[in-house]
Amino acid sequence: MGAVLGLCSAAQMACCCTSAACSLCCSACPSCANSTSTRLMYTLMLLLVMVAACVTLAPGLHEQMKKVPFCENSTGIVPGNFKVDCDQAVGYLAVYRICFAACLFFVLMALIMIGVKSSKDPRAGIQNGFWGIKYLVVIGGIIGAFFIPEGQFASTWMVFGMIGGFCFIIIQLILIIDFAHSWAEKWVSNYEESQSRGWYSALLLAMLSCYALTLTGIVLLYVYYTKPDGCDLSKFFISFNLILVVIASAISILPSVQEHQPRSGLLQSAVVSLYVMYLTWSALSNSAGECNASISATNESSFDKQSIIGLVIWVCSVLYSCVRTASSSSKITMSEHILAKEGAGGQGGLIANEEGDGGEAGREETKVFDNEADDVAYSWTFFHIVFALASLYIMMTLTNWYNPSSQLSKENVASMWIKITSSWLCVGLYVWTLVAPAVFPDRDFS
């Protein structure tokens, strides 16, 4: 599946070229909708931004920069007085600058795409094409961001980062809950159709595995983030979230819930419980005092386990939002506003290219077809807003949610409360998806 999606993005890029080589590359790629390939191309752009930001955090890069002749405090010799402060190109402040440029690009795209209703709009070419120019704009923006004076840039942009990161966490919660529902519905449907014990065993194994990981996480949180004679706030967070996931699991199997949603069950609850425990761990990693087990970690600008897991979840969420179409469960989870509409817009016909070579004429169908000729499959403006928020979430995740101008203290009470609040919202949103059909029986959730 990943290879097909990669080829789909390659088709979009190849079809932007005019050479015969690009045309051959395009013809070798699988067919896919324009709405899907465009979203994947923007995802590739954001992934490359993330990679660039990660490079600036590479261990030992700061010391290696001292060997560059034109850097200040360099051990090398360069003619003249041309010197550059290369410290600005590494570390957390560099991550802020890179993500700042990416965020502004997506905000600009969101403003440009306001009011677009179909691919017949002249602005559709900007959305679905000009990839070379757009990549150059992002690269130019990143280079320009490094010339911004430090001043209050870090502290000010950190406030925007925390707000934007929190908003993206909410969007990520909706996507994860939608994934949990669609996963369970698919496997339950397969079991009901085939009556195969294999599907039943897979459901049971997946549910037990998620609950086992959740329980393991709870135990580890008590061991590493609490002490017998203190850490009352940490104990409260862990215990309260444990109670919440137990309540949510119990609600998912209530007869009234099962009556309106026969396919709801413990698998969805297990996935949500596991994610809530991750958010709890992430919040406690920013807590203050001796209860924070991660404070004693290295003082270098580098990755930790929490950041790596956060980035993995982020990548999966962004890819899921690109390839997933809204389903019946999306009305309950409210993910219909994020995901593309299934079968929307009409195909508008496959675009054809006529080529002649040595008297030989032929007609080939391009592999990326326009499915938004009548109506857009998703809100282009909202899509770019989500990606702007995603770039802020990358920034905060890579910098562990604290000020890059500080002394690398992992204590950040504000980010701790943002994450713990998001964990409560996660449970609340999931419980809502369970009780909504029963509370509003006259409303159509199908």
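The values are calculated or read from the model by the stated rules, or taken from the named source; none is laboratory data. None of these values were measured; they are calculated from a predicted model. Here the Cβ is made from the backbone with ideal geometry for all residues, glycine too, and neighbour counts use every protein chain on show. Surface accessibility is based on the protein's heavy atoms, side chains included, excluding ligands, DNA and RNA. Shrake-Rupley method; radii C 1.70, N 1.55, O 1.52, S 1.80 Å.
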Q. Using 0.36 nm per residue, how much length does the chain from residue 229 to residue 47 gain when fully extended, once their Cα-Cα distance is taken away?
A. 61.1 nm
Q) Rounded if a/c is under 1.5, else prolate if a/b is larger than b/c, else oblate: which is the stretch 137-255, with a ≥ b ≥ c the root eigenvalues of its Cα gyration tensor? A) oblate
(Q) Let me cross-check residue 185: its accessible surface, 1.4 Å probe, with only protein heavy atoms counted, in Å² to the nearest 10? (A) 50 Å²
(Q) Keeping all protein chains in place and using 1.4 angstrom, which order do 130, 147, 440 fall into by accessible surface area, from largest down? (A) 147, 130, 440
Q) Hey, what do the phi angles of the stretch 276-281 turn into as Karplus ³J(HN,Hα) couplings, whole Hz, using 6.51/-1.76/1.60 and θ = phi - 60°, x for Gly and Pro? A) 4, 5, 5, 5, 5, 4
Q.
How much length would be gained if the chain were fully extended between residue 438 and residue 209, taking 0.36 nm per residue of separation minus their Cα-Cα distance, in nm to one decimal?
A. 79.5 nm
Q: Provide the FRET efficiency to the nearest 0.05 for the residue 382-residue 421 pair, computing r from the beta carbons and using R0 = 22 Å.
A: 0.45
